[in-house]
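Remarks on the structure that follows.
The values are calculated or read from the model by the stated rules, or taken from the named source; none is laboratory data. Everything numeric here is computed off the predicted structure, so don't read it as measured data. We place every Cβ from the backbone using ideal geometry, glycine too, and count neighbours over all the protein chains shown. Protein only, heavy atoms only, side chains kept; ligands, DNA and RNA dropped before computing areas. Shrake-Rupley method; radii C 1.70, N 1.55, O 1.52, S 1.80 Å.
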Amino acid sequence: MGIRKKNNKNPPVLSHEFVIQNHADIVSCVAMVFLLGLMFERYTDKLELNFVSWILGGPEETAVNYFHYGLKDVATVFFYMLVAIIMHAIIQEYVLDKINRKMHFSKTKHSKFNESGQLSAFYLFSCLWGASILVSENLLSNPVSLWDGYPHTLMPFQLKFYYICQLGYWLHAIPELYFQKTKKEDIPRQLVYISLYLVHITGAYVLNLNRLGLVLLVLHYFVELLFHVSRLIYFSNEDRQTGFTVWAVLFVLGRLLTLSLSVLTVGFGLAGAEKQGLNLAEGSFNVLVVRVTVLAAICTAQAFMMWKFINFQLRRWREHAQTQTLKKKSSSSKSKSRKGQYCPLKISLHVY
């Protein structure tokens, strides 16, 4: 499906502006090459299948219900990264751009609104999908299954596909920095949180900690969804800030629960598991060095997020205090101006 933004200007072919305006069309064509390859069963179906979906093979009479990861997943992730770019363009043009034109946001709000709109759609979809997997696999009713039977090398289709889509989405966020003309000062911040997602998701996938990773992802996505929905509501009406208060409480609880589950699973569950030692053939990474590294990575990420959260709350409190001070000054100046003569300078100084 081609996506084309309405623009009267026709930039030179293959110029930066041309690529940015038509990147969804270009990516759609690349994705269609892989899909068309499936039509030629005799020659290219095996090659193209690596990009679309890689399935653990078996005898024809045996029903294959479980899958494992491998190098061919790289091609699959690349294909779904292209799909994520196309979906990003569809949401942007047919939903967010239309709302932006009606609301007449400033440039700063326009950028933040697009960011929250895209992430809200992704977090909502990922939360619902991940929660359905948790329920179907009985991971919530049986927490012991997070470490029992490790290594969890075989995954049901939904779980494997979930991780493939997660990696594809966060990889697509890197070229989107170019496609969306992200400001240079915002790029380091974007790259930091994209890298955190990729490192943790890949680590859970490769180290066969996919069950723990799924639980932590759903928990984290739910909290982030609340934040970005609250920000969208705030942009429509700045008086509605209740969502940020609820998010602040759940954010702290989410960090504590993440640390608790991680220590319980990796620090105690895997430490007491029957299979110990490093065995690449069996997919077991249950050694002290790996466990300490995993816990250190999780704790560092949670500490970093709490530090950013505290700075965010302090900045909000300062802005709120400044706003209240300005309101008091404006109200006092208005009362004085009524008693005195009309002074344009005094009024102009207090326009917010």
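Tell me the label-point distance for the pair Ala321, Ala131, using the 7 Å Cα-to-Cβ offset, in nm and rounded to one decimal.
With each label placed 7 Å out from Cα toward Cβ, I get 3.8 nm.
To the nearest 10 square angstrom, how much accessible area does Arg318 have with a 1.4 angstrom probe?
140 Å²
With an 8 Å Cα cut-off and a minimum separation of 6 or more residues, compute the relative contact order for segment 181-254 in percent.
The normalised contact order for segment 181-254 reaches 22 percent.
Suppose the chain between Val95 and Thr242 were pulled fully straight at 0.36 nm per residue; how much longer would it get relative to their current alpha carbon spacing?
In short, 50.4 nm is gained.
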